[in-house]
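To start, the structure under review is shown below, and the notes come after it.
The values are calculated or read from the model by the stated rules, or taken from the named source; none is laboratory data. Since the structure is predicted, the reported quantities are computational estimates derived from the model, not experimental observations. Reconstructed Cβ throughout: ideal geometry from the backbone, glycine too, with neighbour counts over all protein chains shown.
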Amino acid sequence: RIQREKANGASVHVGIHPSKVVIVKLKIDKDRKRILDRKARSRQITDKGKHTEESVAMES
């Protein structure tokens, strides 16, 4: 949380608009890591056997 001091010395929280937020670091625990590994594995399986524009262009 971000705070700033008012003119009278009191500290207040500063609001941050969600569209201005940038994720710079992910907190990855063992469960999130397992989910990412599972999704990566399923993407590799779905890519097998499919033709891409590059592979078709190379064959022609």
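A few notes on this one:
- Near pairs, Cβ below 6 angstrom, 6+ apart or cross-chain, from the stretch 12-25 (within 15 Å of Arg1 (Cβ to Cβ)) to any residue that is not small (Gly, Ala, Ser): Val12/Lys6; His13/Arg1; His13/Gln3; Val14/Ile2; Val14/Arg4
- Condition met for Ile35 (at pLDDT 90 or above and exposed (fewer than 10 other Cβ atoms within 10 Å of the Cβ)): no
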